[in-house]
Amino acid sequence: MTETATAGHRAEPTEAVITPVLDVVIPVYNEETDLGVCVRRLHEYLRAGFPFPARITIADNASTDDTMQVARLLADELGDVRVVHLDAKGRGRALRTVWEQSDAQVVAYMDVDLSTDLNALLPLVAPLITGHSDLAIGTRLSASSRVVRGPKREIISRCYNLLLKASLQAHFSDAQCGFKAMRTEVARRLLPLVRDGEWFFDTELLVLAERTGLRIHEVPVDWIDDPDSRVDIVDTARKDLLGIARLGRALATGALPLEELRRAIGREPLVAGVPLGMVGQLVRFAIVGVLSTLAYLLLYLVLQSLIGAQPANFLALLITAVGNTTANRAFTFGVRGVRGAVSHQFQGLVIFGIGLALTSGSLFTLHHWAPDAPVHLELFVLVMANLIATLTRFVGLRWVFRNPADRPAPDAVAPRAQGGLR
């Protein structure tokens, strides 16, 4: 069957189909020579014992040769094969169009050259069908992967993934392998936020999924490089760097509604009463706390001899409290952008008042019972008081940065097909 997809219109099949569990998309541009071999090989594999009902969707994005005619012939010849035509180029654009409109439980894609061994398809999609994972990717960079390709592409691939880890704190191993899948319900939530329609599409999708707290399953693959690949490496690298910069800015400024996505499609805590991510927050909070305490003690030592113990404690605590709130806001709780920053600092200063009362009260008590107490004893008392204040601060900041009044309602994030956020 053949479908046509244009901007703002949903593609409709020309005849009824059995709803598949898996929809495998093959995005193509001017692939009249290789398309028939690829689709027949994949179709034979899916019919020869693949345990779930599957469909192949050929996504022709603005081919100028006879690719569309070949695709139509394949759809007429083979069962469970359909064709979608787009008037604009871009692999990401083709995938977004088909995935958002698919009626399958799981959507996947693979390159037309079938560089990846098809035996990896079931391990790729099985965790998604069972609900264990949300996305799945093939990786050529695992120690157990078997890969045949030239040193140039190997170096470029590894350098790109190292760049992603350094710039976007990505934890997945291989962003560019043309062998991926995801649950359709997750795709409909994430895809409206993915801006790129070309090669950076995969990276942007994976980074958003990871920041949303979704589970990404990785499958080591056997992969043979296609020597006839027509990818413009220089142009792709340039666009990837621009994409990294754009996505990095969006993450840093809080332009992406990640918290709403977490509430809408994120995974629930394993233990009741222990909020999702709390362990990681404790570790990050402890790091910030240690650095803040060291800065506080240093400031106190400098100021104490100049203005006295109580004023020095007040100023040192005030300065480090502002820095502590700023660092915890971004590093510990992942709140980005200027929205709510003033309110957060004000609430942080209220919590600072509790810490000030604890430390000042401790100093007052010490000086009352030991007026001639040495500086090292003052520091010991202040450290003990700060430990109690730190626990209070963590609880308080969790409330500050998880206050629902500071964030849009979860309904703000919805699939585009339902009129949700783009």
Please work out which one of (1) modelled with pLDDT under 95; (2) under 11 Å from Leu35 (Cβ atoms) is the condition Asn61 fails and give its number.
-> (2)
In the stretch 96-124, anything open to solvent by less than 40 Å² (accessible area, probe 1.4 Å) and part of a helix (DSSP H, G or I) is listed as Arg96, Thr97, Val98, Trp99, Glu100, Leu118, Ala120, Leu121, Leu124
Candidate set from the stretch 125-160 (those that are touching a His at 6+ places or on another chain (Cβ under 6 Å) and not in a strand (DSSP E or B)); member that is least open to solvent (accessible area, probe 1.4 Å) = Ser133
Close pairs from the stretch 54-74: first without any contact (Cβ under 8 Å) to a residue 40 or more places away in the chain and outside any helix (DSSP H, G or I), partner small (Gly, Ala, Ser) and open to solvent by 40 Å² or more (accessible area, probe 1.4 Å), Cβ under 8 Å, at least 6 apart | Asn61/Ala88; Ala62/Ala88
If you go through the stretch 232-243 one residue at a time, do you hit one that is open to solvent by less than 40 Å² (accessible area, probe 1.4 Å), in contact with a Lys or Arg (Cβ under 7 Å, 6 or more places away or on another chain) and not in a strand (DSSP E or B)?
-> no
How about the stretch 75-95: which of its residues are surrounded by 14 or more Cβ atoms within 10 Å (Cβ to Cβ) and assigned to a helix (DSSP H, G or I)?
-> Ala75, Arg91, Gly92, Arg93, Ala94, Leu95
Take the residues of the stretch 179-196 that are open to solvent by 10 Å² or more (accessible area, probe 1.4 Å) and part of a loop (DSSP other than H, G, I, E, B): which is farthest from Leu251 (Cα to Cα)?
-> Asp196
Restricted to the stretch 145-162, and to residues that are in contact (Cβ under 8 Å) with a residue 60 or more places away in the chain and of a type in the set (Gly, Ala, Ser), which residue is nearest to Gly243 (Cα to Cα)?
-> Gly150
What number goes with the only condition from (1) part of a loop (DSSP other than H, G, I, E, B); (2) at negative phi that Leu163 does not pass?
-> (1)
Could you list all residues from the stretch 1-26 that are at pLDDT below 95 and touching a helix residue (DSSP H, G or I) at 6+ places or on another chain (Cβ under 8 Å)?
-> Met1, Thr2, Ala5, Arg10, Ala11
Determine if the stretch 17-29 includes at least one residue that is assigned to a helix (DSSP H, G or I) and open to solvent by 30 Å² or more (accessible area, probe 1.4 Å).
-> no
In this structure, is Ser343 open to solvent by 40 Å² or more (accessible area, probe 1.4 Å), more than 14 Å from Phe394 (Cα to Cα) and within 33 Å of the chain's Cα centre (by Cα)?
-> yes
Counting just the residues of the stretch 303-334 that are free of Cβ contacts under 8 Å to residues at least 60 places away in the same chain and among the hydroxyl-bearing types (Ser, Thr, Tyr), which one comes out most open to solvent (accessible area, probe 1.4 Å)?
-> Ser305
Positions within the stretch 209-231 being assigned to a helix (DSSP H, G or I) and open to solvent by less than 30 Å² (accessible area, probe 1.4 Å), in sequence order | Ala209, Thr212
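The values are calculated or read from the model by the stated rules, or taken from the named source; none is laboratory data. All of these numbers come straight from a predicted model, not from anything done at the bench. Cβ: placed from backbone, ideal geometry, glycine included. Neighbour counts: every protein chain shown. These accessible areas exclude ligands, DNA and RNA; they are computed on the full protein's heavy atoms, side chains included. Shrake-Rupley method; radii C 1.70, N 1.55, O 1.52, S 1.80 Å.
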